[in-house]
Amino acid sequence: MSALLQRLKTWFTRFAFDLGRRLQANFFLYLAAVFTLVVLVDAATVNYIGGMRQSSYDTMMRLRFNVPAPASDIVIIDIDEKTLAAMAPEYGRWPWPRQVLAEFVELIEAQQPNAIVFDILFSDPDIQNPDSDAYFDEVMGANANTLFPVLRLDPSYDAQSELTYAQVPGALKSDPALARDEAKVALVVPPFAGVQQPGRLGTHNVYPDSDGVVRQYPVRLTQDGWTLPAMPLTVASREGKGADAPDRILINWRGKPFTYQYASFSDVYFDLLKENPARPANEFAGKILIIGSTAAGLHDVKGTPLDRQFPGVEILATAIDNVRAGDWIRAPEARWFYLLMALAVIWSTAFAFYRSGAGAKVDKFYGMSAIILLGFSYATVNFGNWYINLSGPVFIGALYFSIARLYAFATARALDTSLVARMEASDAPLRGLLVAINFPVDTREEAALEKLAARIGKQLKHEMSLEWVQGRQKGLWRLFENTLVVCWAHAADDETTWTSIRAEADNLLANLGNLTREAGVALALPAERAVIRRTEGRIRGQQPGDWRLLLAAALLEDASNNPKGDNA
């Protein structure tokens, strides 16, 4: 087994070397061209990259620090477990006779709330308590502040319905040319004549995304040229708001469950029945009261980005809050903008690989670009009500980077562009000059060496290589930490050029202190403590041993004693 693995390793190494020799750094540009074709096709068809917002939106919502406060005038009257237990001895199990809710509305109306919104679907008459229903109808008909939900059934049931759009209070013709009065619609409408009035009904359908998570809320349901307002729009319209809301809004969550004000139904109801109520007489004045349930037995919970068990009544409260405030999340479907961002990430990363190869610079460049893009998206949901979704461009950039990095790793030897690697391909007589600068400090200063190398590279005119040991070393190799090696190589018999190279090396050593200060690394790499080694000698490009001897000679030779030694 080990022999087979070794053969595979050898084969892969040779294959990668040959591939690298053939494609060189051009592979990064070829790969970018392939990715460009992919994102262009995607933008023109399914728009998967631009539409990748579900998981990123969820994460942004969970982690944002600037969360809008819930409206202080929205209160949820909660039919919770406590209420079910407290009401059971007198009224039995849920659902109670509707006269209970009628009495509650009559009593609470004395405080003049702004609206009373039922998040309870009244689907059928209570044939066991017709007097109770009649009382409920009378009370609600006289109280225009009470609003009721309508359930839109699946359109496949429309043909079987006896109800037409024209018969639905509040239904509007969004397209008069298409809308027909006799068009049927499958709806569950409260069976009370007193509440079937325009401005008092609204759908409360909530449609989770494909993963079962609620992120959006329908403000209007449109079909066959007709529009049905949803409950959030019905509530907002009473205040002259919501006309500019789209048909579906991306919910701007106010926080985890139970962020809004809650009052237990039984607490409020029994207190209202007292001759001397303990609760404030104007507790709900000017409030929007939403009567709903968080009791587990009534199963009104749904998954949201913030919690997998989110009360349905609070989802409705949040949607109402969003439409009233006009601060729902705007997520533009700007597919061409996302396309341009994806192309920018791909090609900037491609050119970074093409020019610099695989290394810390490219890793930092890509890492910073991804952080900036995601940080921008994060900022949009924290400092406004926009969500510029850049997760798609980041994803496609990460995919490109991963493939490019894998290629760079596998073909590292073939893609080596250092001076030593280039000279190894030549059999002409050469001369090499090496300067090894070691900074004997107690800490590993790889980043400082990189900055110093960049500064030196700007100063030197002749072709050369700058190398340093990367990564933390152990054992004998620790001797090479914080060592910068500058290497020149040129034709051995070109004395004019060699005179210039030697002068360049002299100038480098003379100005080392200035260079460390200019690079901002003088404290980490004090030039006055530097140990400088230098040597020069003949080499043959295709004989790597010559380079080793030259380096060994440089490390053994003290430049202060023999600044131009010829030891190789």
> Based on what the data block shows, is L515 over 22 Å from L551 (Cα atoms), in the same structural domain as R548 (by TED's automatic domain parsing) and in a helix (DSSP H, G or I)?
Replying inline: yes
> Does L339 satisfy the criteria of being modelled with pLDDT under 90 and not small (G, A, S)?
Replying inline: yes
> over 42 Å from the mean Cα position of the chain (by Cα) and under 20 Å from L551 (Cα atoms) - does that describe any residue in segment 439-455?
Replying inline: yes
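Would you mind finding the one in L272, L201 that is of a type in the set (A, V, I, L, M), touching a Leu at 6+ places or on another chain (Cβ under 8 Å) and crowded, with 18+ Cβ neighbours inside 10 Å?
Details: L272 fails: crowded, with 18+ Cβ neighbours inside 10 Å.
Within the list L272, L201, the selection yields L201.
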> Which of the residues spanning segment 238-269 are outside any helix (DSSP H, G or I), among the aliphatic types (A, V, I, L, M) and surrounded by 15 or more Cβ atoms within 10 Å (Cβ to Cβ)?
Replying inline: A245, I249, L250, I251, A263
> Can you name the residue in segment 504-535 that is more than 42 Å from the chain's Cα centre (by Cα) and among the β-branched types (V, I, T) and, of all such residues, is surrounded by the fewest Cβ atoms within 10 Å (Cβ to Cβ)?
Replying inline: V531
> Taking I120 and the conditions (1) farther than 12 Å from V195 by Cβ; (2) more than 45 Å from the chain's Cα centre (by Cα); (3) not hydroxyl-bearing (S, T, Y), which numbered condition does it fall short on, given that it satisfies the others?
Replying inline: (2)
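Kindly evaluate V235 against the criterion of being within 22 Å of I79 (Cα to Cα), in the same structural domain as P311 (by TED's automatic domain parsing), assigned to a helix (DSSP H, G or I) and under 34 Å from the mean Cα position of the chain (by Cα).
Working: within 22 Å of I79 (Cα to Cα): yes; in the same structural domain as P311 (by TED's automatic domain parsing): yes; assigned to a helix (DSSP H, G or I): yes; under 34 Å from the mean Cα position of the chain (by Cα): yes.
Yes.
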> Only one of these conditions is not met by S500: (1) surrounded by fewer than 16 Cβ atoms within 10 Å (Cβ to Cβ); (2) closer than 16 Å to R444 by Cα. Which number is it?
Replying inline: (2)
> What number of residues within segment 508-525 satisfy the criterion of being closer than 24 Å to A552 by Cα and touching a residue at least 40 places away in the same chain (Cβ under 8 Å)?
Replying inline: 4
> Do any residues in segment 336-357 that are free of Cβ contacts under 8 Å to residues at least 40 places away in the same chain have Cβ atoms under 7 Å from those of residues that are crowded, with 23+ Cβ neighbours inside 10 Å, where the two are at least six apart or on different chains, and which pairs are they?
Replying inline: none
> Pairs under 7 Å by beta carbon, first residue free of Cβ contacts under 8 Å to residues at least 40 places away in the same chain in segment 454-480, partner among the small types (G, A, S) and surrounded by 13 or more Cβ atoms within 10 Å (Cβ to Cβ), six or more apart or different chains?
Replying inline: L466/A453; W468/A453
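When you go through T227, T222 one by one, which is the residue that is part of a strand (DSSP E or B) and surrounded by fewer than 17 Cβ atoms within 10 Å (Cβ to Cβ)? Give the derivation first.
Numbers: T227 fails: surrounded by fewer than 17 Cβ atoms within 10 Å (Cβ to Cβ).
From the options T227, T222, the qualifying one is T222.
Among the candidates D158, D175, single out the residue that is assigned to a helix (DSSP H, G or I), closer than 28 Å to P246 by Cβ and without any contact (Cβ under 8 Å) to a residue 60 or more places away in the chain.
Details: D175 fails: assigned to a helix (DSSP H, G or I).
None of the other options fit; the residue is D158.
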> Which of the residues spanning segment 126-178 are loosely packed, with under 13 Cβ neighbours inside 10 Å and either touching a helix residue (DSSP H, G or I) at 6+ places or on another chain (Cβ under 6 Å) or within 20 Å of T234 (Cβ to Cβ) (or both)?
Replying inline: A142
> How about segment 20-110: which helices (runs of 4 or more DSSP H) wholly inside it have at least 2 residues that are within 20 Å of M140 (Cβ to Cβ) and out of contact with any Pro (no Cβ under 7 Å at 6 or more places or on another chain)?
Replying inline: 98-109
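Kindly establish whether A115 is within 24 Å of V75 (Cβ to Cβ), more than 45 Å from the chain's Cα centre (by Cα) and either not assigned by TED's automatic domain parsing to the domain that holds A86 or not acidic (D, E) (or both).
On the way: within 24 Å of V75 (Cβ to Cβ): yes; more than 45 Å from the chain's Cα centre (by Cα): no; either not assigned by TED's automatic domain parsing to the domain that holds A86 or not acidic (D, E) (or both): yes.
So A115 fails the test.
The values are calculated or read from the model by the stated rules, or taken from the named source; none is laboratory data. Nothing here was measured: the structure is a model prediction, and the numbers come from that model. In this analysis, Cβ positions are derived from the backbone assuming ideal geometry, glycine residues included, and neighbour counts consider all displayed protein chains.
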